[in-house]
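To keep things clear, I will list the structure first and then write my remarks on it.
Please treat every number below as a calculation from the coordinates, not as lab data. Values in this document were obtained by computation on a predicted structure and should not be read as measured data. Here Cβ is always computed from backbone atoms with ideal geometry, including for glycine, and neighbour counts include all displayed protein chains.
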Amino acid sequence: MSTDVIVAGAGPTGLMLAGELALGGARVVVLERLAARTGQSKALNLQPRSAEVLAHRGLLDDILAVASARLPGGHFAGIPLDYSTLRTPFPYQIGVPQARVEERLAAWATGLGAEIRYGEPVGSFSQDASGVTVNGMRAGYLVGCDGARSVVRNGLRVDFPGRDGRMCALVADVTLVGGGPTRWTLPEPKGDGLLTVLPLGEGVFRVLAAGPRQTAAAKDDPVSAGEVAEALAGGGLTLGEVRWASRFTDATRQAARYRTGRVFLAGDAAHVHSPAGGQGLNLGLQDAFNLGGKLAAVIRGESGDDLLDTYHAERHPVAARVLQSTRAQGVLLVPDEDVAALREVFAELVDRRALAERVAGLDHDNGPLTRS
Ligand SMILES: Cc1cc2nc3c(=O)[nH]c(=O)nc-3n(C[C@H](O)[C@H](O)[C@H](O)COP(=O)(O)OP(=O)(O)OC[C@H]3O[C@@H](n4cnc5c(N)ncnc54)[C@H](O)[C@@H]3O)c2cc1C
């Protein structure tokens with residue numbers, strides 16, 4: 001069997017890319033390692049630039065309909081950022097679980113003709129002058145949207161410079177006994193750590209906690225209910241049930257090349273960083289939007305191969321700036337009195353509008369919204 005593009009990974013990046021390619025007339029097969037969607041969500045927000053892209057594709061209304069919150073802005077290390085004066089039709093941040101976004105993207109992509117095959121991990125692959133071979137299937141191109149531990153990136157042996165995590169934190173979706181906060185709040189270091197609890201609706205709350213116990217843990221260590229209960233008790237809250245729990249770090253790395261011949265990297269496969277400020281999923285959607293239209297145009301024979309080089313040229317610097325931002329936020333969120341003083345001075349002196357544009361994804365030329 002052959003197709004135009006094989007996409008490795010049906011996360012938000014792979015699904016957005018599949019939809020963009022199918023919309024542009026390309027045949028696309030998405031190979032996903034998992035047997036089925038988990039329904040779990042790491043990310044919880046969409047920034048204004050993502051809202052612009054999703055609205056352009058007619059997807060935003062459905063996503064807004066299942067959103068948990070519409071916030072007047074974002075934040076940088078817990079410093080509030082007002083989006084109301086930004087030049088965008090969507091001057092707000094949408095609080096919506098990643099799983100809801102993925103469901104909508106999957107329905108859109110398959111409706112346009114993309115095929116998603118679950119339980120089919122990409123293993124080894126090869127490329128030659130006329131195409132790629134992946135799991136015995138031929139295609140013109142392969143795109144690795146297979147997340148932080150990307151098999152595609154590793155198979156290409158592309159450098160992934162940066163550093164490993166210096167902090168480890170806990171993330172959990174829980175129910176609470178006696179209720180919890182009714183509004184979304186910003187992260188703020190307190191004592192020797194940080195605790196943020198956000199209402200997701202239907203009695204479920206997102207818990208983000210960092211403290212000495214989490215710092216001592218490794219990323220893949222299991223999270224016990226006792227650890228979640230202890231973190232919540234620090235904020236005067238009582239755990240009901242843990243629905244899902246995991247850990248994340250502030251590991252920061254970026255692929256040196258987004259293109260190697262006929263193979264590309266996008267989303268977390270191309271860049272990893274701390275979730276501070278909420279930009280990772282957003283970067284991935286926008287990588288996919290940029291690459292999808294270009295690949296489709298080349299496949300249709302309307303553009304030359306050199307158009308594909310502009311993907312790295314345009315998107316690598318954007319992610320590099322996000323990595324810089326999240327590193328800076330990591331420092332400003334260290335629970336320490338002197339860092340708190342630095343954060344206050346920074347908040348007083350910084351140009352908050354410029355910072356808001358940066359977190360919103362509106363601080364650079366995003367190109368036209370008219371491809372495909
Ligand atoms: C706790 C936490 C909170 C976050 N909060 C936010 C936030 O609020 N806002 C935000 O923008 N970002 C946030 N992020 C980051 C965001 O979740 C990621 O950037 C986003 O999921 C990246 O999407 P992706 O599709 O590139 O990769 P992934 O979501 O990792 O998807 C990759 C997919 O590839 C599949 N896969 C892996 N290997 C293979 C293989 N060999 N073959 C086939 N398939 C494979 C995986 O099963 C998965 O389905 C957060 C991250 C964490 C950890």
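A few points about this structure:
- Of the GluC sites (Glu not before Pro) in the range 155-245, those whose Cβ has at most 14 other Cβ within 10 Å and which sit in DSSP loop: GLU202
- Using the Karplus relation 6.51 cos²θ - 1.76 cosθ + 1.60 with θ = phi - 60°, the per-residue 3J(HN,Hα) values for the range 141-156 come to 9, 10, 10, x, 10, 9, x, 4, 9, 2, 5, 5, 4, 5, x, 6 Hz, with x marking Gly and Pro.
- Rounded to the nearest Hz, the phi-derived 3J(HN,Hα) couplings of the range 76-87 under the Karplus curve 6.51 cos²θ - 1.76 cosθ + 1.60 (θ = phi - 60°) are 10, 6, x, 7, x, 10, 8, 8, 4, 9, 6, 7, where x marks glycine and proline.
- Proximal aspartates and glutamates relative to LYS219, as straight alpha-carbon distance under 12 Å, when same-chain residues fewer than 8 apart are discounted: ASP164, ASP250
- Relative contact order of the chain: 23 percent, from C-alpha pairs under 8 Å at least 6 residues apart in sequence.
- Hydrodynamic radius by Kirkwood, which averages 1/r over all alpha carbon pairs of the chain, in angstrom: 21.2
- Ellipticity estimate at 222 nm from DSSP helix runs (n ≥ 4, -39,500 (n - 2.57)) divided over the chain, nearest 500: -10500 deg cm²/dmol
- Judged by the mean number of other Cβ atoms found within 10 Å, the most tightly packed of the peptides 39-48, 264-273 leads the ranking 264-273, 39-48.
- Divided by 2.2 N^0.38 Å, where N counts the residues, the Cα radius of gyration of the range 168-248 comes to 0.99.
- Cα gyration tensor shape for the range 93-168, rounded if a/c is under 1.5, else prolate or oblate: oblate
- From the alpha carbon centroid of the range 240-263 to that of the range 303-354 is 17 Å.
- Annotation: amide H of GLY240 within the under-5 Å range of THR175, LEU176, VAL177, sequence separation 5 or more or interchain, hydrogens built in the peptide plane.
- Contact order, relative form, for the range 168-248: 45 percent (alpha carbon pairs under 8 Å, 6 or more residues apart, mean separation divided by residue count).
- Start at zero, step by 10 Å, and the Cα-Cα distances of the range 193-313 spread as 11, 31, 23, 17, 13, 4, 0 percent across the bins.
- At R0 = 56 Å, FRET efficiency that the Cβ-Cβ distance of THR310 and THR238 yields, to 0.05: 0.55
- Karplus (6.51, -1.76, 1.60) ³J(HN,Hα), θ = phi - 60°, over the range 257-272, in Hz, Gly and Pro reported as x: 9, 8, 10, 10, x, 9, 10, 10, 10, 8, x, 4, 5, 9, 7, 10
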